[in-house]
Amino acid sequence: NVPGRVLCKVPCSGEKEVDLAVQSAKAAFKIWSQMSGMERCRVMLEAARIIREQREEIATMETINNGKSIFEARVDIDISWQCLEYYAGLAGSLAGEHIQLPGGSFGYTRREPLGVCVGIGAWNYPFQIACWKSGPALACGNAMVFKPSPFTPISVVRLAEIFTEAGVPKGLFNVVQGGAATGQFLCQHPDVAKISFTGSVPTGMKIMEMAAKGIKPVTLELGGKSPLIIFSDADLENAVKGALMANFLTQGEVCCNGTRVFVERKILDTFTKEVVKRTQKIKIGDPLLEDTRMGALINKPHLNRVQGFIKQAKEQGAQVLCGGDLYVPDDPKLKNGYYMRPCVLGNCKDDMTCVKEEIFGPVMAILPFDTEEEVVERANATKFGLAGGVFTRDIQKAHRVVAALKAGMCFINNYNISPVELPFGGYKSSGFGRENGRAAIEYYSQLKTVCVEMGDVESVF
């Protein structure tokens, strides 16, 4: 695991390769969509079993692919097989409804697949995102062509192999590799029925524009600048752990991270001291070592970008309470790695760039507040609306505040917990559509209504 070393070379898929992948998925769709939900369920359970069995091998591959700690990669792989198991369970229960009409007539609805769906993944959770997208897509009877990020092309190929081993029709889950051009060929392909994208707001806007030309439905899971609100009556130990979870998972490269940490003024100093103390203890280094809790950032340009945000924060008056500098591990093999120390910023103001823009790195901004009304207003004063969190012992206040937050995924006394049973997605510029839970079924299927007349047609002619 040497930083900066080429792991493998993957050929970019051009227009011809994208068309081949879509045609292959289209042929597989004809077979898969005609199978019963129970038949699809069995194949998906087999895929989940293989992933569970190969957990260690896939987690190691993901760590090398992305740079996150092996400890976290194992959690990602567990969430992945749980996702496939969950949707396997739903596959056999997908059904329409029967509606009684006057005179013995009736209507019924059928839930039908869309066809060939496109999944475009991000580099922070390569394998997990591919499962989050393919799980509900396949359960509903669709085929999928998936494009991983060009920065993390490896582990999704393994998922394609696993689906084939599990018994899906050949080509049902296809992988194409490449950057923006490949994504464009996919979005504009006439035989693609739907696009599900995870990534940045600007790219999401472009995808929506391309999809509009073909009237294709889209699911967009975009960026965030989520608020984490710590009230003075919170369990302090728990709140500190929550703040670390909300900022430093996967080197801070998580779209729903709670990077605007609002702390009630009464406990500001105590909370800040404890957060800084804990942040300085985070073990950085070789992500394949068991005790490492923070690995390397995805690449050099991204590391430079995060460093640029910290520099700008200092210029605008924020105070670096700890970290923010580059980290050089003791192991000489890792000296050129893209490591940095997790950073906590104090003396932050709402109008600072570090508080307004998504940094997507291990940088926490702490902001004091005085009243519930004030903090809710400030928390919502953002173009984003992916997530939000509240720490308090007052459960009525907790429910009141999350009800007022304009965000799609809210946490009470925890953070960054995403069980597959719960829908995940954002408000405002953070996108629309939902992944996970029963809600995802709505976005990977379409409803057909059938009206059956049991008497004579009542004609007005």
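The values are calculated or read from the model by the stated rules, or taken from the named source; none is laboratory data. In this text the structure is predicted, and so the values were computed from the model without any measurement. Because the Cβ atoms are built from the backbone with ideal geometry, glycine has one as well, and the counts that use them run over all protein chains shown. The area values use the complete protein model at the heavy-atom level, side chains included, leaving out ligands, DNA and RNA. Shrake-Rupley method; radii C 1.70, N 1.55, O 1.52, S 1.80 Å.
For segment 424-461, a residue qualifies if it is surrounded by 17 or more Cβ atoms within 10 Å (Cβ to Cβ) and either part of a loop (DSSP other than H, G, I, E, B) or more than 23 Å from the chain's Cα centre (by Cα) (or both), and the qualifying residues are Gly425, Gly426, Tyr427, Gly433, Arg434, Asn436, Gly437, Tyr444. When the test is whether a residue is of a type in the set (Gly, Ala, Ser), in contact (Cβ under 8 Å) with a residue 12 or more places away in the chain, over 20 Å from Leu405 (Cα atoms) and assigned to a helix (DSSP H, G or I), Ala211 passes it.
Within the bounds of segment 23-34, is there any residue that is of a type outside the set (A, V, I, L, M) and farther than 18 Å from Asn174 by Cα?
Here is the first cut: in segment 23-34, the ones of a type outside the set (A, V, I, L, M) are 23-24, 26, 29-30, 32-34.
If we keep only those that are farther than 18 Å from Asn174 by Cα too, we end up with 34.
Scanning segment 23-34, I find at least one residue that is of a type outside the set (A, V, I, L, M) and farther than 18 Å from Asn174 by Cα, so the answer is yes.
Residue by residue through segment 378-399, note down the ones that are without any contact (Cβ under 8 Å) to a residue 24 or more places away in the chain and either of a type in the set (Lys, Arg) or open to solvent by 10 Å² or more (accessible area, probe 1.4 Å) (or both).
Initially, segment 378-399 is screened for residues without any contact (Cβ under 8 Å) to a residue 24 or more places away in the chain, giving 395-396, 398-399.
Correct list: Ile395, Gln396, His399.
Evaluation of Leu90 against the conditions (1) open to solvent by 20 Å² or more (accessible area, probe 1.4 Å); (2) under 26 Å from Phe29 (Cα atoms); (3) touching a helix residue (DSSP H, G or I) at 6+ places or on another chain (Cβ under 6 Å) shows that the sole unmet condition is (1). Screening the candidates Val240, Val218 for the property of being under 24 Å from Gly119 (Cβ atoms) and surrounded by fewer than 24 Cβ atoms within 10 Å (Cβ to Cβ) yields one hit, Val218.
Examine segment 193-203 for a residue that is open to solvent by 20 Å² or more (accessible area, probe 1.4 Å) and within 25 Å of Gln34 (Cα to Cα), and state whether such a residue exists.
Narrowing segment 193-203 to residues open to solvent by 20 Å² or more (accessible area, probe 1.4 Å): 193, 199-203.
So of that shortlist, the ones also within 25 Å of Gln34 (Cα to Cα) come out as 193.
Within segment 193-203 (the criterion being open to solvent by 20 Å² or more (accessible area, probe 1.4 Å) and within 25 Å of Gln34 (Cα to Cα)), the answer is yes, since at least one residue qualifies.
Checking Tyr415 against (1) within 21 Å of Asp78 (Cα to Cα); (2) without any contact (Cβ under 8 Å) to a residue 60 or more places away in the chain; (3) buried (at least 21 other Cβ atoms within 10 Å of the Cβ): exactly one of these is not met. Which one? Tyr415 satisfies every listed condition except (2).
For segment 142-178, the set of residues classified as of a type in the set (S, T, N, Q) and without any contact (Cβ under 8 Å) to a residue 12 or more places away in the chain consists of Thr164 only. Taken together, Gly96, Gly103 contain a single residue that is surrounded by fewer than 20 Cβ atoms within 10 Å (Cβ to Cβ) and part of a loop (DSSP other than H, G, I, E, B), which is Gly96. Any idea which of Val240, Val254 is outside the structural domain of Val201 (by the TED database) and more than 20 Å from Gly67 (Cβ to Cβ)? Step by step, each of Val240, Val254 is checked, and only Val240 is outside the structural domain of Val201 (by the TED database) and more than 20 Å from Gly67 (Cβ to Cβ).
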